[in-house]
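Single-structure report; data block below.
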Amino acid sequence: MNIVFVASEGVPFAKTGGLADVAGALPRAVAELGHKASLFIPCYRKVWEAGQDIVGTGITLKVPVGSTTLLGHVHESRLPDSDVPVYLIDHPHYFDREGLYGHPGHDFEDNCERFVFFQRAVLEAVVALGLKPDVIHCNDWQTGLIPVYLQTLYKNRSGLVDVGTLLTIHNLAYQGLFWHWDMPITGLDWGLFSHHALEFHGKLSFMKAGLVFADLLTTVSPTYAREIQTQQQGAGLDGLLRERSADLRGIVNGIDEKIWCPMHETMLAARYDVNSVVEGKTACKAWLQAHAGLPVRPEVPLFAQIGRLVDQKGWDLLAQVAEGFLNQDVQLVVLGTGDPRYHDLLRSLHERHPGKVWAYLGFSDVLAHQIEAGADVFLMPSLFEPCGLNQLYSLAHGTVPVVHATGGLVDTVVDLTPKTLAEGRATGFAFRESTPAALWRTLDRVLNTWRDQEVWRNLVRAGMSEDWTWHRSAGKYVELYQEVQRRRRPHLAQSLTPHPVLS
Ligand code: ADP
């Protein structure tokens, strides 16, 4: 098969979160299964700074955006260690900026335009490059209009006629909502501004567009696939997702073992595998403690967190237990950026608990690897978590995850109980209720278990022995691409009537 992936970020070119890891790894895993794969992402300023080889294709695209036509260029690179082409959609006015989606704390005001341009440019480029894909694999709201375009403005376009679509929801909380007067920017008919299609509580929703029009839908874990069909976690789209439940699957993300494997990571103080984890982690932990200016003490449990400093990641809970927790003999290392409230919290914890807390309030890929290898425990008390990658990286590094039992965390971490321990299945600690008391009790369990290093080593070894690489999941995507081809949905656009208020 021939699969075109479209995403708003991808490793090693541009990254803000887990989506980039997936976009950089899944196309290669699909190609390794014998299929043709390519990836499209915007050519942000970060892409030029990423140090990858980039060449021009000589292709200039004419891309309609609203009432004007803009020119776009297509550059080409490769995913590392592969022949998978990466096509970079360039229009400096939209993408030559410091951030990908906005400045800290607010989105770019022209994000609707930027991602309309990107999506239409991708379709124009697929034609211009003669790619002839079987399936276009869309990811999150930034690509949600592609399935609509394929069934409307581009439905008779040579090179796009029989193309199927699959949309993966990486996080339903981000929906690409814009005011209704942005509708003309899309070039789509006002008739599509209906609650059966693109309209969501009076706004234009790119995510909803994809959920309605894509042939098949996936999300990044089976538990999250069930959760988003409930009112509590459906972010207002649960009704639609229930309607499409037969077309919605959950597939757990994988790890790119070429990037996230303690045997291969050159930035570590020591490289190790499951047989040398004790010595390897001892060296990596000592390095991390020294780097963070913390006392180099092997016996103290070193807790870590890496990620966006936002409510979703459980920072509200952590804030409530932090003071009491840090009064014990523990250390905490945090790498992240996000909500200024949590920046302040970490600065103040650092001041009030000298020698126990270190936070790097920024983005550092290298440090993320060094923390995964050097820490003993990884904290992931997320309120919700579609899949979560850091707990998988932690398992691979012998760093024991502590998780709230939600979404992909349920599907990937086995809570330590006498039974799971005896069966050799326990890999971490999980708590059900999202309350400070439940987190506190779990941290207590962690500290008690830490005192029994034999049990601790069993946890570490069980986690490291699991295979969370893309080899587990890539084949499932290929089955879905085949299913997309088998059952194309009828063209919805023809049956839609104009919105009563706006027609
Ligand atoms: P999400 O996609 O919701 O942000 P995931 O756990 O799925 O969360 O993936 C987050 C990815 O982003 C991981 O690869 C993590 O290491 C990385 N990451 C997040 N924040 C930072 C940061 N400040 N520095 C380096 N890497 C980060």
(request) Using a 1.4 angstrom probe on heavy atoms only, work out the carbon and sulfur share of the accessible area of the chain in %. (result) 53 percent
(message) Please list 3J(HN,Hα) in residue order for the range 44-51, calculated via the Karplus relation 6.51 cos²θ - 1.76 cosθ + 1.60 where θ = phi - 60°; whole Hz, with x for glycine and proline.
(response) 5, 4, 4, 4, 5, 7, 7, x
(message) Students often check this: by mean Cβ neighbours within 10 Å, which of 458-466, 227-235 ranks highest, and how do the rest follow?
(response) 458-466, 227-235
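Residues of the range 277-465: accessible area per residue at 1.4 Å, in Å²?
Using a 1.4 Å probe on heavy atoms only, each residue of the range 277-465 averages 38 Å².
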(request) Mind checking which of Ala270, Val400, Gly51 is farthest towards the positive end of the chain's charge dipole, using Cβ charges of +1 (Lys, Arg) and -1 (Asp, Glu) about the Cα centre? (result) Val400
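Once you have the Cα-Cα distance between Glu243 and Thr69, take 0.36 nm times their residue separation minus that, and quote the gain in nm to one decimal.
58.9 nm
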(request) Using a 10 Å cut-off on Cβ atoms, rank the peptides 439-452, 56-69, 201-214 from the highest mean neighbour count down. (result) 201-214, 439-452, 56-69
(message) Can you work out the Karplus-derived ³J(HN,Hα) for every residue in the range 8-14? Use 6.51 cos²θ - 1.76 cosθ + 1.60 with θ = phi - 60°, whole Hz, and x for glycine or proline.
(response) 8, 7, x, 6, x, 8, 7
(request) Figure the gain on full extension for Trp181 and Arg347 (residue separation times 0.36 nm, minus the Cα-Cα span) and round it to one decimal in nm. (result) 55.5 nm
(request) Please work out how much length the chain gains when fully extended from Arg157 to Ala437, using 0.36 nm per residue of separation minus the C-alpha to C-alpha distance, in nm with one decimal. (result) 95.0 nm
(request) Treat each spin label as a single point 7 Å out from the Cα along the C-beta direction, and report the Gln485 to Ala422 distance in nm. (result) 4.9 nm
(message) If amide hydrogens are placed 1.01 Å from N in the peptide plane, which non-local residues have theirs closer than 5 Å to the one on Ile59?
(response) Val74
(request) At a Cα cut-off below 17 Å, give the lysines reachable from Lys285, other chains included and same-chain residues fewer than 8 away excluded. (result) Lys356
(message) In the chain, if the dipole is taken from +1 on Lys/Arg beta carbons and -1 on Asp/Glu beta carbons about the Cα centre, which of Met183, Ile306, Gly475 is farthest to the positive end?
(response) Gly475
(request) For Ala37, enumerate residues with amide H under 5 Å from its amide H, sequence gap 5+ or separate chain, H modeled in the peptide plane. (result) Ile3
(request) Provide the per-residue ³J(HN,Hα) series for the range 242-258, in order, calculated from phi with Karplus coefficients 6.51, -1.76, 1.60 and θ = phi - 60°, each as a whole number of Hz, with x at glycine and proline positions. (result) 5, 4, 9, 4, 5, 9, 10, 10, x, 10, 5, 4, x, 9, 7, 5, 6
(request) When you have a sec, figure out the Kirkwood radius of the chain from all distinct Cα pair distances and drop it here in Å to one decimal? (result) 23.6 Å
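What order, most packed first, do the peptides 415-421, 278-284 have when packing is the mean number of other Cβ atoms within 10 Å of each residue?
In descending order of packing, they fall as 278-284, 415-421.
May I ask you to work out the translational diffusion coefficient for the range 277-465 at 20 °C, viscosity 1.002 mPa s, via Stokes-Einstein with Rh from the Kirkwood sum over Cα pairs, reported in whole µm²/s?
Estimated via Stokes-Einstein, D reaches 132 µm²/s.
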(message) Can you give me the C-alpha center-to-center distance between the range 116-151 and the range 1-40, rounded to a whole angstrom?
(response) 14 Å
(request) Please give every one of the lysines within straight-line cross-link reach of Lys36, meaning a C-alpha to C-alpha distance under 21 Å, and leave out same-chain neighbours fewer than 8 residues apart. (result) Lys132, Lys258, Lys476
(message) With a 1.4 Å probe and all protein chains left in place, how much accessible area per residue does the range 178-225 have, in Å²?
(response) 30 Å²
(request) Report, in deg cm²/dmol and to the nearest 500, the calculated mean residue ellipticity at 222 nm for the chain, where each DSSP H run with n ≥ 4 adds -39500 (n - 2.57) and the sum is divided by the residue count. (result) -10500 deg cm²/dmol
(request) Assuming 1.306 mPa s and 10 °C, estimate D for the range 14-143 with Stokes-Einstein, Rh taken as the Kirkwood radius over Cα pairs, in µm²/s. (result) 104 µm²/s
(request) Could you list which residues have their amide H under 5 Å from that of Ala304, counting only those 5 or more apart in sequence or on another chain, with H placed in the peptide plane? (result) Val333, Val377, Phe378, Leu379
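The values are calculated or read from the model by the stated rules, or taken from the named source; none is laboratory data. Treat the numbers as computed from the prediction; the structure is a model and nothing was measured. Heads up, the Cβs are rebuilt from the backbone with ideal geometry, glycines too, and the neighbour counts pull from every protein chain shown. Keep in mind that these areas ignore ligands, DNA and RNA; they rest on the heavy atoms of the full protein, side chains included. Shrake-Rupley method; radii C 1.70, N 1.55, O 1.52, S 1.80 Å.
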